[in-house]
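Please read the structure below before turning to the comments.
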Amino acid sequence: MDLLANVWRSMEQDPRLKGRPLIDNPVPVFGIIVGYLLFVLKVGPNMMRDRKPMNVKNFARIFNLYQVLISSWTVYTVCVCCWKLSIGYGEPPNVKTDPLTMRLIDCLYIYLFVRISDLVDTVLFVLSGKQSHVSGLHVYHHVAVVFNMWLYLRQNWLYFALPGLVMNAGVHVIMYSYYFLATFPPMRPYLWWKKHLTMLQIVQFVCMLLLMAGVFFIDVEYPPAALANTGGTVFVIMCMFVNFYVKNYINKARELQQKKAFDEQRQWQQQQHIKSN
């Protein structure tokens with residue numbers, strides 16, 4: 001415990017965020033993560049076991065629309081600030097306090113709360129009786145993103161990850177737009193592109209890994225452990241998404257083709273049997 005305390009004290013946080021809620025002390029963020037895990041994996045399922053699923057459709061619509069708007073704002077704000085500040089690929093950390101830089105820092109700080117609010121997504125699954133949606137991929141992805149967003153923001157390690165952050169927020173605009181439209185039954189026939197959302201996320205992770213690989217070949221002022229953690233987390237999540245895509249789309253499509261071929265073969269055999277009689 002003393003070792004962990006010493007390591008924590010040795011980690012200098014971004015002075016521009018000192019005193020802001022959730023930043024100085026790790027306990028609140030870890031408390032949120034632990035509370036989330038307890039509810040979606042234990043308390044929530046037990047509570048809903050003998051209850052009728054709740055109707056969360058209206059709340060889900062508001063939540064999904066909020067995600068679309070806040071993610072769009074994040075993409076716009078980060079891109080504008082990076083353009084005006086000439087922040088490039090592999091940008092080293094800094095502690096500037098000019099108005100435009102602080103606008104970027106404030107945006108990233110708000111985005112931490114956005115990623116925490118993503119956890120509501122899982123809570124809605126639990127309350128609506130869709131516990132099967134609470135997969136290992138889903139839970140790990142949410143927890144890893146919240147923790148890394150908090151840590152990298154606190155330690156001023158986010159500059160090199162800004163391209164990936166913008167990319168991810170952009171994907172969220174598309175993803176939550178789909179979820180929002182899916183709450184309206186008349187729109188469902190037009191939402192044939194669901195499986196392409198998963199492929200879009202996989203492409204996103206591949207791009208992130210390529211960006212991370214490039215960072216190792218330029219002189220960046222970030223701890224190697226931070227770079228390795230980012231690359232490792234993205235790689236693990238990408239593998240889980242690939243596994244999900246293969247299992248739910250490629251394998252199922254193959255099974256349907258095999259079933260169709262089997263049915264056609266059986267129908268042909270029946271016709272031949274009728275002809276022979």
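Listing for the model above:
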| item | result |
| --- | --- |
| Selection from region 193-223 of residues that are among the aromatic types (F, W, Y), more than 15 Å from the chain's Cα centre (by Cα) and either at pLDDT 85 or above or within 29 Å of N156 (Cα to Cα) (or both) | F216, F217, Y222 |
| Flag for G44 being among the small types (G, A, S), more than 21 Å from L158 (Cα to Cα) and out of contact with any strand residue (DSSP E or B) (no Cβ under 6 Å at 6 or more places or on another chain) | yes |
| Members of region 95-109 found to be surrounded by 15 or more Cβ atoms within 10 Å (Cβ to Cβ) and either more than 14 Å from V29 (Cα to Cα) or among the acidic types (D, E) (or both), listed by number | T101, R103, L104, I105, D106, C107, L108 |
| Residue list for region 130-159, filter: within 21 Å of M240 (Cβ to Cβ) and assigned to a loop (DSSP other than H, G, I, E, B) | K130, V134, S135 |
| Residue in region 179-201 that is part of a helix (DSSP H, G or I) and closer than 27 Å to G88 by Cα present | yes |
| Test: residue in region 149-160 that is surrounded by fewer than 19 Cβ atoms within 10 Å (Cβ to Cβ), among the aliphatic types (A, V, I, L, M) and at negative phi | yes |
| Qualifying residue in region 252-272 (condition: closer than 25 Å to G136 by Cβ, exposed (fewer than 12 other Cβ atoms within 10 Å of the Cβ) and modelled with pLDDT of 85 or more) | no |
| Residue that is surrounded by the most Cβ atoms within 10 Å (Cβ to Cβ), among those in region 71-94 that are among the hydroxyl-bearing types (S, T, Y), modelled with pLDDT of 95 or more and more than 30 Å from Q131 (Cα to Cα) | T74 |
| Tally of residues being surrounded by fewer than 19 Cβ atoms within 10 Å (Cβ to Cβ) and in contact with a Leu (Cβ under 9 Å, 6 or more places away or on another chain) across region 110-132 | 2 |
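Conditions (1) under 27 Å from M167 (Cβ atoms); (2) surrounded by fewer than 14 Cβ atoms within 10 Å (Cβ to Cβ); (3) modelled with pLDDT under 95; (4) over 20 Å from the mean Cα position of the chain (by Cα), marked per residue:
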position	(1), (2), (3), (4)
D24	no, yes, yes, yes
I32	yes, no, no, no
Y36	yes, no, no, no
V40	yes, no, no, no
M48	no, no, yes, yes
K52	no, yes, yes, yes
I62	yes, yes, no, no
L69	yes, yes, no, no
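One line per residue, one yes/no per condition, for (1) in contact with an Asp or Glu (Cβ under 8 Å, 6 or more places away or on another chain); (2) free of Cβ contacts under 8 Å to residues at least 40 places away in the same chain; (3) of a type in the set (D, E):
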position: K57; (1), (2), (3): no, no, no
position: I62; (1), (2), (3): no, yes, no
position: W73; (1), (2), (3): no, yes, no
position: S86; (1), (2), (3): no, yes, no
position: P92; (1), (2), (3): yes, no, no
position: V95; (1), (2), (3): yes, no, no
position: M102; (1), (2), (3): no, no, no
position: L112; (1), (2), (3): no, no, no
position: D121; (1), (2), (3): no, no, yes
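The values are calculated or read from the model by the stated rules, or taken from the named source; none is laboratory data. None of these values were measured; they are calculated from a predicted model. FYI the Cβ positions are ideal-geometry reconstructions off the backbone, even for glycines, and counts take in every protein chain you see.
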